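Just so you know, all these numbers are worked out from the coordinates, no wet-lab data involved. A quick note: this is a predicted structure, and the numbers were derived from the prediction, not measured. Counting neighbours? That spans all protein chains shown, and the Cβs are built from the backbone with ideal geometry, glycine included.
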Amino acid sequence: MSPSDTPENTTAPGVEGDAADGPLIVFDQVVKRFGDLTVLDHLDFNVAAGERVTLIGPSGSGKTTILRLLMTLEKVTEGHIRIGGEPFSHMPRGSGLVPASESYLRRRRKSIGMVFQQFNLFPNMTVRKNIMEAPVHVLGLSKDEASERAADLLDLVGLGDKIDAHPTQLSGGQQQRVAIARALAMRPEILLLDEVTSALDPELVAGVLDVLREVAETTDITMLCVTHEMGFARDVSHRVLMFDKGRIAEEGHPDQIFGDPREERTKSFLKSVL
Ligand code: ADP
């Protein structure tokens, strides 16, 4: 056991061979098709470790599919994804590329957290249990350690007093803050956020975004975020990717994308949402 594997420091295990200098996430000519529908069309982009990237663009442009590929909820059709320099995707048959093994994918997946539009909390468990579940069963933390971690994270998301509540006793915004705490409990290297405020009543959105701002400011987690909250995207991201029809129409610093978009497609999209 190396020092970093001691229980106090147990984080979601990364995978050996992380390229310290190279990008953390690489999409290399990634194609994703559902039947005849091409959802991602020879997509190339990189994300550096610690970078916060927001994906914007019209509905159906492929943003969620990117997150689902990173969660291995979908498989690439062509091309490949690398994380930490290692092949991450299942390689298509006949591509000549070495596929990532199931055990590698399982290990790597533990280092990636996702928060969905629907909070997906376990309704029959308390908030504490919801947060403890994966650290205990996937990382092997003791119940005491996991409980302490849950309490700390609930303080971070402003819900320390709800630790013994059930999800049904919480508002949508509170449930989403628990879902964020649950994802963070795995100490992920990468956090994927898929329209996490879209299902919330408008008055609950700010509280959730404040929590995510705090996470962005106080951690070095690499974040990929799909959102329609442009103010949040502008504040939090290092880079914005504007998608259109499965390709990147424009990318840049948020000040440039929101303040001085160059592509017509970006201008018309921003006009429709701002
Ligand atoms: P976005 O997040 O930009 O709205 P998505 O990545 O969710 O876009 O979807 C891109 C396109 O892929 C949409 O046309 C959607 O209907 C289609 N799609 C997504 N998942 C599936 C699936 N499992 N089967 C068939 N089509 C899908």
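Side notes on the structure shown:
- Any chance residue 205 is part of a strand (DSSP E or B) and either surrounded by 18 or more Cβ atoms within 10 Å (Cβ to Cβ) or in contact with a helix residue (DSSP H, G or I) (Cβ under 7 Å, 6 or more places away or on another chain) (or both): no
- So residue 230, is it closer than 30 Å to residue 171 by Cα, over 15 Å from the mean Cα position of the chain (by Cα) and not acidic (Asp, Glu): yes
- Filter result (touching a strand residue (DSSP E or B) at 6+ places or on another chain (Cβ under 9 Å) and surrounded by fewer than 18 Cβ atoms within 10 Å (Cβ to Cβ)) within segment 208-232: 219, 228, 230
- Pairing each residue of segment 132-147 that is free of Cβ contacts under 8 Å to residues at least 24 places away in the same chain with any residue that is exposed (fewer than 14 other Cβ atoms within 10 Å of the Cβ) and in a helix (DSSP H, G or I), provided the two are 6+ apart or on different chains, yields C-beta distances under 8 Å for 136/143.
- Selection status of residue 45, assigned to a strand (DSSP E or B) and under 21 Å from residue 263 (Cα atoms): yes
- Segment 220-269, subset farther than 16 Å from residue 59 by Cα, of a type in the set (D, E, K, R) and in a loop (DSSP other than H, G, I, E, B), residue nearest to the ligand (Cβ to nearest atom): 263
- Pairs linking a residue in segment 211-226 that is under 15 Å from residue 173 (Cβ atoms) to a residue that is among the charged types (D, E, K, R) and away from the ligand (no atom under 16 Å from the Cβ), with Cβ atoms under 7 Å and 6 or more positions apart or on different chains, are 211/177; 213/235.
- Contact annotation: residue pairs with Cβ atoms under 9 Å, 6 or more positions apart or on different chains, pairing a residue in segment 51-63 that is free of Cβ contacts under 8 Å to residues at least 40 places away in the same chain and farther than 13 Å from residue 225 by Cβ with a partner that is within 6 Å of the ligand (Cβ to nearest atom) and in a strand (DSSP E or B), are 60/39.
- The residues of segment 25-45 that are in contact (Cβ under 8 Å) with a residue 12 or more places away in the chain and either surrounded by 20 or more Cβ atoms within 10 Å (Cβ to Cβ) or within 13 Å of the ligand (Cβ to nearest atom) (or both), listed by number, are 25, 26, 27, 30, 31, 32, 33, 38, 39, 40, 41, 43.
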